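Okay, structure first, notes after.
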Amino acid sequence: MRMKQNHYSSTLLDGILVVNTGLNLPAPRAAHMLHERGARIIKVEPPQGDTFEHFCKAWYEDMLQGVERRRLDLKSEAGRQAMDNLLTDADILITSQRPAALERMGLAAENLRKRYPRLSIVNIIGSASEHSHLPGHDLTYQARAGLLEPPNLPRSLLADLAGAQQAVIAALSLLHAGGGIQQVALSDAAELFQEPVSYHLTRRGGLLGGGHAGYNIYRTADGYIALAALEHHFWPALHDIFLGLPDDPFSPRAHEILRAGFQNKTTTQWLFLARERDIPLEAIV
């Protein structure tokens, strides 16, 4: 499937040039978000290309829709000169290489700021502070943030995609300020998703962790649905459907009645009833 279209104005960043040297997912996805808002994007890849093309070619190609691609050897004099020409006109530079690699390519942020004072530089890194030297990927950042339930692998790349969004925020903030440098750590992005766990909202048995009968996953006659009738004003509609449902959504009886009741109809039938009675309910696909 292709990436979903956004609902932003596609002309907000008309006239803004973004140069992206970052590979894999976070930096190219951030650049694509800026492109969706009207920015011109030039993606600079090493001569061997971006490994993400081999990991997931369809997603790689989707992120390059409308993006100009250049392959430059930034360790060579010719490559550095070509990069210098790009940065002379650029408004935003996004990178995702480690500091030592950026130094070797002549892209150390402090040096670039001296040469291009109006440039907004966003460095996407794996981890900040004492973990900055450690290699990692989305899986390890989620592991450190306590977001995994072994032995299951995560369904999505939370750190990478949240990091991409934070990179966009950083880029727009710097652009507004007239240039500067910001780091975005993917490990910090993962920790955002840990907050509901730390406040016990999504822990097993918590309000959003199965404790509230109106906020749960239920089996139907032919699949599963997600019910999110969290606010009390949704409860009367459920009362009309499930006879004997108690007022207390945390009671074992409420869980029992909903669990048994949802199995009596198909997912499609429950979706129809939910739309008819304004109940927040969706099929699990």
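Every number in this text was worked out from the coordinates using simple rules, so none of it is lab data. Note that the structure is predicted; figures quoted are calculated from it, not measured. With ideal geometry, Cβ positions are generated from the backbone for all residues, glycine too; neighbour counts draw on all protein chains shown.
Please report Met83, Met3 as a ranked list, fewest other C-beta atoms within 10 angstrom at the top and most at the bottom.
Least to most surrounded, the residues fall as Met3, Met83.
Multiply the residue gap between His232 and Lys75 by 0.36 nm, knock off their C-alpha separation, and tell me the result in nm, one decimal place.
Working: separation 157, 0.36 × 157 = 56.52 nm, distance 6.20 nm.
Once the chain is fully extended between His232 and Lys75, it gains 50.3 nm.
Taking the Cα atoms only, what angle lies between the long axis of helix 267-277 and the longest principal axis of the chain, rounded to 10 degrees?
80
Give me the one-decimal nm value for the distance between modelled label points at Arg259 and Ala128, 7 Å along each residue's Cα-to-Cβ direction.
Label-label distance for Arg259 and Ala128, simple model: 4.3 nm.
Residues with beta-carbon under 15 Å from that of Arg115, excluding Arg115: net charge, scoring Lys, Arg +1 and Asp, Glu -1? Each step should come with its number before you reach the end.
Values: positive: Arg80, Arg113, Lys114, Arg118; negative: Asp84, Asp89, Asp91, Glu103, Glu110.
Taking every other residue near Arg115 into account, the sum is -1.
Quick one: order Phe193, Phe55 by neighbouring beta-carbon count within 10 Å, fewest to most. The partial results should precede the final answer.
On the way: Phe193 18, Phe55 11.
Going from least to most buried by this count: Phe55, Phe193.
Using +1 at the C-beta of Lys and Arg and -1 at the C-beta of Asp and Glu, which of Pro99, Ser251, Ser10 has the Cα lying farthest in the positive direction of the dipole of the chain?
Positive-end residue among those listed: Pro99.
When Lys and Arg each count +1 and Asp and Glu each count -1, what net charge do the other residues less than 11 Å away from Pro246, Cβ to Cβ, add up to?
Every neighbour counted, the sum reads -2.
Where does helix 158-177 land angle-wise versus the long Cα axis of the chain, in degrees 0 to 90, nearest 10?
That works out to roughly 50 degrees.
With r defined as the distance between the Cβ atoms of Glu149 and Ser251 and R0 fixed at 35 Å, what FRET efficiency is calculated, to the nearest 0.05?
Numbers: r = 26 Å, r/R0 = 0.75.
My answer for the efficiency is 0.85.
With a ≥ b ≥ c taken as the square roots of the eigenvalues of the C-alpha gyration tensor of region 207-283, please select rounded if a/c is under 1.5 and otherwise prolate if a/b is larger than b/c or oblate if it is not? Please report the intermediate quantities before stating the final value.
Working: a/c = 1.42, a/b = 1.29, b/c = 1.10.
In terms of gyration-tensor shape, rounded.
Under a plain spin-label model, where a point goes 7 Å from the Cα along Cα-to-Cβ, how far apart in nm are Thr88 and Ile169?
Each label point lies 7 Å from its Cα, and together they span 3.6 nm.
What angle do you read, to the nearest 10 degrees and between 0 and 90, between the alpha-carbon axis of helix 26-36 and the longest principal axis of the chain?
Value to nearest ten degrees: 90.
Net charge near Leu271, counting Lys/Arg +1 and Asp/Glu -1 over other residues with Cβ under 14 Å of its Cβ? Kindly include the intermediate steps, with their values, before the conclusion.
Values: positive: Lys265, Arg275, Arg277; negative: Asp222, Glu276, Asp278, Glu282.
Around Leu271, the charge tally is -1.
Does the chain come out rounded, prolate or oblate, given a ≥ b ≥ c as the square roots of the eigenvalues of its C-alpha gyration tensor, rounded meaning a/c under 1.5 and, failing that, prolate meaning a/b above b/c?
Working: a/c = 2.75, a/b = 2.34, b/c = 1.18.
Prolate.
Can you sort Leu17, Leu201 from fewest to most other Cβ atoms within 10 Å of each residue's own Cβ?
Leu201, Leu17
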